[in-house]
Amino acid sequence: MSTTVTTSTTTVTTTAIKPETARKQGLQLKDITEFVNSVSGLLTALGAIFTSVLCWCSIKCYRNGGECKRAWWCPKSLKEYRRRQHTVRVATIDLSPDN
């Protein structure tokens, strides 16, 4: 009589993450803090510029009865610029006191 015994072995493998690899792949709190510090100055400057432009536009619209003019945003032509200069010169001549 012969008896055959069969055995099987199961090998479980786990992947170990090395500390060097984890530092390369993940973000550290120090990295995030450095990023925020480097960007905060830029965001502050952009916020100040945006607020200034918004206030300027609001004041102009308020003085104009709530209407926004296209001429505020488009550059003036040379002809328009010269016409306005001429109008200012004529107005200053007319306002000068008579001798």
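Observations
- For the stretch 42-67, a residue qualifies if it is of a type in the set (D, E, K, R), exposed (fewer than 10 other Cβ atoms within 10 Å of the Cβ) and either in a loop (DSSP other than H, G, I, E, B) or touching a helix residue (DSSP H, G or I) at 6+ places or on another chain (Cβ under 9 Å) (or both), and exactly one does: Glu67.
- In summary, Asp31 fulfils each of the numbered conditions (1) of a type outside the set (A, V, I, L, M); (2) under 24 Å from the mean Cα position of the chain (by Cα); (3) surrounded by 10 or more Cβ atoms within 10 Å (Cβ to Cβ); (4) at pLDDT 80 or above with the single exception of condition (4).
- Taking each residue of the stretch 70-90 that is within 29 Å of Leu54 (Cα to Cα) and looking for partners that are aliphatic (A, V, I, L, M) with beta-carbon atoms closer than 9 Å, six or more apart or interchain, yields Glu80/Ala71.
- Among the residues of the stretch 68-92, just one is polar (S, T, N, Q) and either in contact with a Leu (Cβ under 9 Å, 6 or more places away or on another chain) or part of a loop (DSSP other than H, G, I, E, B) (or both), namely Ser77.
The values are calculated or read from the model by the stated rules, or taken from the named source; none is laboratory data. Note that this is a predicted model, so its numbers are computed, not measured. Virtual Cβ from ideal backbone geometry, glycine too; neighbours counted across all protein chains shown.
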